[in-house]
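Visitor: Take a look at the following structure, please.
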Amino acid sequence: MEMVRLLLVCAGIIPVVASAADFTLTVGPPVAAGSGSKVTKSKAAVFAVRLEECDALDKAQISGTTEGIVDGARMSTPVALSAAESPGVYVVSPAGNQGQGVWVVSLSATCGSARAGAIVPLGTGTGGAGFLRERTRVFPRTPTKAEVDAALKALEAPGK
């Protein structure tokens, strides 16, 4: 009888633990947002961001800034977030001149009382500006100014 009781208790706990995933952000290439008309119109999009594990996407909010250092001067501008056709998916078009200096996008999102954030470094290459997937950091909160500064410094000194 004790074994049956233990199994019933465990069976009741497992679904709760399994469904207790945390609100987070997922960052990927713009094509990950889909091929809808809203996405194809946003040709300046550098990456897509998806709100994960949010039960109230209609009330969720996301914002961001493009942070950069050009010729030693710190710059900060709002970022354009365009909703894709899938709920909770956005394409991100950074403002500023990513052709000079080093740049990151700092994202902050809420879903009810839960928070999530990300720092997405931007790079330049033969195909134009793009995001650096391997250097992207996702947080269970809004990124701090110190974390954004550290990401920018890491881009200034890529060999370190």
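Visitor: Which one of the conditions (1) closer than 23 Å to Lys145 by Cβ; (2) hydrophobic (A, V, I, L, M, F, W, C); (3) part of a loop (DSSP other than H, G, I, E, B) does Met75 fail to meet, given that it meets all the rest?
Guide: (3) is the only condition that Met75 fails.
Visitor: Between Val91, Val120, which is touching a Phe, Trp or Tyr at 6+ places or on another chain (Cβ under 7 Å) and modelled with pLDDT of 90 or more?
Guide: Val120
Quick grid of which residues meet (1) in a strand (DSSP E or B); (2) under 12 Å from the mean Cα position of the chain (by Cα); (3) at pLDDT 90 or above:
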site: Ala48; (1), (2), (3): yes, yes, yes
site: Leu57; (1), (2), (3): no, no, yes
site: Gln100; (1), (2), (3): no, no, no
site: Val105; (1), (2), (3): yes, yes, yes
site: Leu152; (1), (2), (3): no, no, yes
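The values are calculated or read from the model by the stated rules, or taken from the named source; none is laboratory data. Computed from a predicted structure; not experimentally measured. Backbone-built Cβ (ideal geometry, glycine too); neighbour counts: all protein chains shown.
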